[in-house]
1. Are there chymotrypsin sites (Phe, Trp or Tyr not before Pro) in region 240-341 that DSSP marks as loop and that have at most 14 other Cβ atoms within 10 Å, and which are they?
2. Sort 196, 27 by Cβ crowding within 10 Å, fewest neighbours at the top.
3. Hey, fewest Cβ within 10 Å first, where do 107, 115 land in order?
4. Each residue of region 268-278 in turn: what ³J(HN,Hα) in whole Hz from Karplus with 6.51, -1.76, 1.60 and θ = phi - 60°, glycine and Pro shown as x?
5. Which one, 25, 318, 147, projects farthest toward the positive side of the charge dipole computed for the chain from Cβ point charges (K/R +1, D/E -1)?
6. Within 10 Å of each candidate Cβ there may be at most 16 other Cβ atoms; applying that plus a DSSP loop requirement, which GluC sites (Glu not before Pro) in region 184-218 survive?
7. Take 157, 310 and order them by how many other Cβ atoms sit within 10 Å, fewest up front.
8. Can you compute 3J(HN,Hα) from phi for each residue in region 165-179, using the Karplus curve 6.51 cos²θ - 1.76 cosθ + 1.60 with θ = phi - 60°, rounded to whole Hz and x for Gly and Pro?
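The numbers here are math on the coordinates, done by the rules we state, and not lab data. Keep in mind that this is a model prediction, so the values were computed, not measured. Cβ atoms come from the backbone with ideal geometry, glycine included; neighbour counts cover every protein chain shown.
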Amino acid sequence: MKKFIFLSLMLFFSCGAVGVKDSLNHIIEIPQKIERIAVVGGMWPLPSIIVLLDSSSSRLVQIPKASKTAIKASVLADFYPEILNIHDGNTENIEEILNFKPDIALCHQANKKLCSTLNSLGIPTLTLSVNIQNYNYKLTLKNWLEILGQVLGKQALAEKLINANEKIEKQLQNQLKNIANKPKAMILHRYSENEIVANGLFANYLLEHSGAENVFADFKTPKKVSLEEIYRRDPDIIYITNFTPAMPEDLFNSKLWADLRAIKNKRVYKIPLGTYRWFAPSAEFPVFLIWLAKHNHPELFVTWDISKDLFRHFKEFYNKELTLAQIHQILFPSPEAGKLQ
């Protein structure tokens, strides 16, 4: 171990270094030339964003298993099939991470011990947060893009995405500001015979900024609930994430859910999966916010064509042309994407 640390530090200083500020405002010195990146400690959305900014997966040497399961079900695997060969596994195992000899690691803030240990072992480790200004989806994604833009040398594309996110948020804010009646909505984060988990870290932001009222706004994190509690809050709309294999049909076909307003009116929707699970910060944020607004207020967005928006987004930001089959795959994802292991 000591020999590994010594060699890592010698290589690090011989290559020169640049300072990058992470989510905790720590300046981390990273090599000027980065060829090997490990995504560790639960930062599931990052591999997809890295590949899109870099137009390649060649620098990734280790990613979380939950990232890989989403990628397998996504169009990202069509454009960059080599990403399926990247090692995925226990990204919290120090020895395993060191075996891949990463130039840097990108680490989840919640795993503070792992992040600090890797830094102490000579692996420059940037700590990223999922909670920027009370789980603000747009600002959290902005923070990630700013950091990754510097790490990858792709600041221009990162800034272009950040500006697109700002633009769509302001546009929808103007269109929805005079809405008197907001539908009551809920996020079904996970669902099985054994548990119902409502809400999620970014639920409040996403529903509020797309013109809906979150019936579980009092929950700041995903939380187990009873079906009786859902009946008490009786949402108009239910959105199912891709952190569960559950599909709208599972609720429609269940007598237990049958008397809920959302079920009666057939307003249960599976959240799309683009290059990653959209409920978590994703590079397709502008299209996702439009998709939510259109489902919350279909009468206001009759002329908005989500398929065309997707095609334009992929062409403009990723220089990829989606086929009709790929657009359908994004908008109507398979249950497989919800399997985290």
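1. Details: sites: 243, 252, 257, 269, 276, 278, 279, 288, 291, 301, 304, 311, 314, 317, 318; in loops: 243, 276, 278, 279, 301, 304.
Here the chymotrypsin sites (Phe, Trp or Tyr not before Pro) that fit, given the DSSP loop and packing criteria, are 304.
2. Numbers: 196 19, 27 10.
Sorted ascending by nearby Cβ count, the order is 27, 196.
3. Ordered from fewest to most neighbouring Cβ atoms within 10 Å, 107, 115 come out as 115, 107.
4. Result, rounded to whole Hz: 10, 10, 7, 5, x, 10, x, 8, 7, 5, 5.
5. Sorting the options by dipole projection puts first 25.
6. Details: sites: 193, 195, 208, 213; in loops: 193, 195.
When the GluC sites (Glu not before Pro) of region 184-218 are filtered for loop state and at most 16 Cβ neighbours within 10 Å, 193, 195 remain.
7. Details: 157 19, 310 22.
With the sparsest Cβ surroundings first, the list reads 157, 310.
8. Here the 3J(HN,Hα) series is 5, 4, 5, 6, 4, 5, 4, 5, 4, 5, 6, 9, 5, 9, 5 Hz.
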